[in-house]
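For reference, the structure is listed below as structure tokens.
The values are calculated or read from the model by the stated rules, or taken from the named source; none is laboratory data. Small disclaimer: the values here were computed from a predicted structure and weren't measured. Every residue, glycine among them, receives a Cβ derived from its backbone with ideal geometry; neighbour counts consider all protein chains shown.
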Amino acid sequence: MHEKPMVEKALIAPSTYKLQIETINHFAAGDIKKNKLIMDNIPDTPLSNQVLLAAKQGTPLVTFGKKQNPGILVLAGVHGNELPPQIAAVKLINKLAAVKTNITIHIIPFAIPLSTEYGLRSWKGQDPNRTADIFGTPTNNILSTAKKNNIKYLGDFHSTRPGGYPGRLSVLCSETPCMLSFQMADFIEKETKSTILSFTKAGSIYPGALEDVFNIAEIPAVTGEAMSPHGTIMPGSIEASLEQMEAFLKFHRAYKVSLQIT
């Protein structure tokens with residue numbers, strides 16, 4: 001039986017600007033603290049701890065701004081063994097907590113906490129980045145949550161191993177049905193050292209991929225890929241993923257001042 005996306009509010013640490021933390025995908029809950037590489041590299045702050053506590057209840061969804069307003073989503077951890085973007089997302093959350101945003105920003109740092117806990121790439125024997133079009137899967141529930149929360153754009157961040165695909169620092173997109181997918185990727189390429197990889201039609205190469213399913217649903221999306229072997233953190237990979245995320249936010253004029261992410 002497929003489980004419907006559920007949302008549960010969690011307590012949050014004090015911050016300069018209003019934010020809230022909720023959880024979805026309760027069946028995907030996991031203890032991120034068991035992943036030593038994650039813990040050794042995320043900021044040791046009360047806010048980080050609240051995110052980790054939320055992950056023990058399900059997929060944490062951190063929101064800056066008013067939920068009812070149109071917003072953007074920064075996502076990491078679709079593959080639990082891709083560590084740099086998950087660490088980058090937690091760093092981004094801590095930075096945004098002290099920055100006044102122009103728009104509503106949602107961040108999911110651990111899409112499937114249980115997979116991150118054990119460093120797994122699959123979910124119940126399947127690649128979760130090929131099942132976003134199947135009702136009840138963790139990634140399909142993220143799409144449903146995006147629609148419910150009036151999310152208009154997605155940045156889905158991964159890391160690619162050397163010798164894999166794409167096997168280089170890159171940003172993936174498609175030109176139809178959402179040309180804005182290409183425009184966002186083109187901007188990220190110019191702002192970072194990423195190489196743009198554009199496909200003519202969403203879903204034509206990787207059916208069920210989250211980026212493609214969002215684009216088909218007419219929510220423009222891109223996929224950022226940092227370079228790092230699975231289950232490890234290559235030097236510079238966290239910073240590269242952060243740069244991609246910041247470029248995604250910059251495209252949407254999400255804040256007024258530079259985040260100065262370190």
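Here are the numbers:
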{"read-out": "Residue match in the range 37-49 (condition: surrounded by fewer than 24 Cβ atoms within 10 Å (Cβ to Cβ) and at pLDDT below 95)", "value": "no"}
{"read-out": "Residue match in the range 125-136 (condition: in contact with a Pro (Cβ under 7 Å, 6 or more places away or on another chain), crowded, with 24+ Cβ neighbours inside 10 Å, closer than 18 Å to VAL222 by Cα and among the hydrophobic types (A, V, I, L, M, F, W, C))", "value": "no"}
{"read-out": "Residue within the range 153-175 that is without any contact (Cβ under 8 Å) to a residue 40 or more places away in the chain, surrounded by fewer than 22 Cβ atoms within 10 Å (Cβ to Cβ) and either over 23 Å from ALA226 (Cβ atoms) or in contact with a helix residue (DSSP H, G or I) (Cβ under 8 Å, 6 or more places away or on another chain) (or both) present", "value": "yes"}
{"read-out": "Residue list for the range 73-86, restricted to those being in contact (Cβ under 8 Å) with a residue 60 or more places away in the chain and buried (at least 24 other Cβ atoms within 10 Å of the Cβ)", "value": "LEU73, VAL74, LEU75, ALA76, VAL78, HIS79, GLU82, LEU83, PRO84, PRO85"}
{"read-out": "Positions within the range 232-247 being touching a strand residue (DSSP E or B) at 6+ places or on another chain (Cβ under 7 Å) and of a type in the set (Gly, Ala, Ser), in sequence order", "value": "SER237, ALA240, SER241"}
{"read-out": "Unmet criterion (only one of (1) surrounded by fewer than 16 Cβ atoms within 10 Å (Cβ to Cβ); (2) at pLDDT 95 or above; (3) of a type outside the set (Phe, Trp, Tyr); (4) in contact with a strand residue (DSSP E or B) (Cβ under 7 Å, 6 or more places away or on another chain)) for ASP31", "value": "(4)"}
{"read-out": "Count - residues of the range 229-258 that are part of a loop (DSSP other than H, G, I, E, B) and out of contact with any Lys or Arg (no Cβ under 7 Å at 6 or more places or on another chain)", "value": "11"}
{"read-out": "Selected residue (criterion: farthest from SER237 (Cα to Cα)) from residues of the range 66-97 that are part of a helix (DSSP H, G or I) and among the basic types (Lys, Arg)", "value": "LYS95"}
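So that you can scan it fast, the table gives a plain yes or no per residue for (1) outside any loop (DSSP other than H, G, I, E, B); (2) under 16 Å from PHE251 (Cβ atoms):
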position	(1), (2)
LEU143	yes, no
LYS152	yes, yes
GLY155	yes, yes
PHE187	yes, yes
THR200	yes, no
ILE205	no, no
ASP212	yes, no
